1. Do we have Ala98 as under 24 Å from Lys60 (Cα atoms), surrounded by 12 or more Cβ atoms within 10 Å (Cβ to Cβ), touching a residue at least 40 places away in the same chain (Cβ under 8 Å) and touching a Phe, Trp or Tyr at 6+ places or on another chain (Cβ under 9 Å) here?
2. Testing Asp89 on (1) assigned to a loop (DSSP other than H, G, I, E, B); (2) within 15 Å of ligand 3 (Cβ to nearest atom); (3) in contact (Cβ under 8 Å) with a residue 60 or more places away in the chain, one condition comes back false. Which one is that?
3. When the residues of region 68-80 are filtered to those that are in contact (Cβ under 8 Å) with a residue 60 or more places away in the chain and part of a helix (DSSP H, G or I), which remaining residue is nearest to the chain's Cα centre (by Cα)?
4. Give region 115-144 a look and list any residue that's within 13 Å of ligand 1 (Cβ to nearest atom) and in a loop (DSSP other than H, G, I, E, B), or say none.
5. Applying the selection to region 35-85, what residues are more than 14 Å from ligand 3 (Cβ to nearest atom) and polar (S, T, N, Q)?
6. Give the residue that is nearest to Leu80 (Cα to Cα), with candidates limited to residues of region 145-170 that are touching a residue at least 40 places away in the same chain (Cβ under 8 Å) and either among the hydrophobic types (A, V, I, L, M, F, W, C) or assigned to a helix (DSSP H, G or I) (or both).
Amino acid sequence: MKKLLYLLFAVVIALPLAAQNKYVGVKGCACHNMPKQGKQVDVWKKSDHAKAFETLKSDKAAEIAKKNGIASAAEAKQCLECHSTGAGDPAEKTFAAADGVQCEACHGAASGYKAIHNKPENKEKAVAAGLLKADEKTCKPCHGANKMHDAKPFDYKKAWEQIKHPAPKG
Ligand code: HEC
Ligand code: HEC
Ligand code: HEC
């Protein structure tokens, strides 16, 4: 029982802490491009998430924006919330929303866990500090009902196959 109380206490403390985390941007995740880590950055760069912001500058985006009464898709919160990470965040100096849907869109803003999460013994601490284990629920806010344009049907298994970037075992 005592343990449970401690756990509850830890969660109550950790949640607001994690909520204060700031985005560091994909450039801050460069260690993950080492071969022994699994080269997640290169995998991500080839994915559509890396060009999600650029997409907002296309003719098709202009058309969608117009239909929704939006003047500029690349500046509109209603588009950026799915096509970028951290746009309009007051801390937007350390990262670029123009880099698209970045690591932290799925793994949580990293300022609180970045310095500690590389050590296996810190795994729990990193999670308490805001590192998210991503899954199907992580995708749904963006790959679901969409007020701005039609959404393709989303098959998590297939979609994950397309963007997966596991860490090597061992
Ligand atoms: C912050 C919003 C956001 C989240 C979260 C997100 N995505 Fe995406 N995803 C996008 C956007 C926007 C595009 C389209 C980018 C483009 O084409 O410019 C996209 C495109 C894709 C594509 C390319 C295929 C297609 O449908 O055009 C795959 C695959 C994909 N996402 C998988 C995932 C998976 C798997 C997850 C969850 C683990 C996920 N996404 C989470 C916003 C998101
Ligand atoms: C709820 C999240 C969400 C919002 C809000 C959103 N998009 Fe998207 N957008 C996506 C996803 C996810 C895709 C990838 C295709 C799919 O899964 O439907 C996408 C794809 C696109 C594409 C590529 C379509 C194609 O077939 O090539 C364009 C262009 C686009 N969005 C423009 C916009 C514009 C402009 C806005 C704002 C008016 C906007 N989006 C708002 C999630 C979103
Ligand atoms: C669209 C969502 C999404 C984006 C963007 C994304 N990831 Fe992931 N990532 C996942 C999912 C889902 C998993 C598998 C479940 C998990 O381990 O969290 C994963 C797994 C990982 C793992 C393996 C964890 C383990 O223990 O095996 C690492 C490392 C990782 N991601 C780093 C990154 C980095 C670095 C970036 C940016 C370059 C990134 N991810 C971008 C969704 C995403």
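1. Working: under 24 Å from Lys60 (Cα atoms): yes; surrounded by 12 or more Cβ atoms within 10 Å (Cβ to Cβ): yes; touching a residue at least 40 places away in the same chain (Cβ under 8 Å): yes; touching a Phe, Trp or Tyr at 6+ places or on another chain (Cβ under 9 Å): yes.
So Ala98 passes the test.
2. Here Asp89 meets the rest and fails (2).
3. For region 68-80, the residue satisfying everything is Cys79.
4. The first filter runs over region 115-144 and keeps only residues within 13 Å of ligand 1 (Cβ to nearest atom), leaving 132-144.
Once the filter is applied, which keeps residues that are within 13 Å of ligand 1 (Cβ to nearest atom) and in a loop (DSSP other than H, G, I, E, B), region 115-144 yields Leu132, Lys133, Ala134, Asp135, Lys140, Pro141, Cys142, His143, Gly144.
5. The first filter runs over region 35-85 and keeps only residues more than 14 Å from ligand 3 (Cβ to nearest atom), leaving 54-81.
Selection gives Thr55, Ser58, Asn68, Ser72, Gln78.
6. Restricting attention to region 145-170, the residues satisfying the condition of being touching a residue at least 40 places away in the same chain (Cβ under 8 Å) are 146-149, 162-168.
Then drop every residue that is not either among the hydrophobic types (A, V, I, L, M, F, W, C) or assigned to a helix (DSSP H, G or I) (or both), which leaves 148, 162-163, 167.
Working: Met148: 11, Gln162: 22, Ile163: 20, Ala167: 29 Å.
Among residues in region 145-170 that are touching a residue at least 40 places away in the same chain (Cβ under 8 Å) and either among the hydrophobic types (A, V, I, L, M, F, W, C) or assigned to a helix (DSSP H, G or I) (or both), the one nearest to Leu80 (Cα to Cα) is Met148.
Yes/no per residue for (1) surrounded by 10 or more Cβ atoms within 10 Å (Cβ to Cβ); (2) touching an Asp or Glu at 6+ places or on another chain (Cβ under 9 Å):
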{"site": "Glu121", "(1), (2)": "no, no"}
{"site": "Ala126", "(1), (2)": "yes, no"}
{"site": "Ala129", "(1), (2)": "yes, no"}
{"site": "Lys133", "(1), (2)": "no, no"}
{"site": "Pro141", "(1), (2)": "yes, yes"}
{"site": "Lys147", "(1), (2)": "no, no"}
{"site": "Lys152", "(1), (2)": "no, no"}
{"site": "Trp160", "(1), (2)": "yes, yes"}
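Bear in mind these aren't lab numbers, they're just calculated from the coordinates by the rules spelled out. Values in this document were obtained by computation on a predicted structure and should not be read as measured data. Ideal geometry is used to build each Cβ from the backbone, glycine not excepted, and the neighbour counts take in all protein chains shown.
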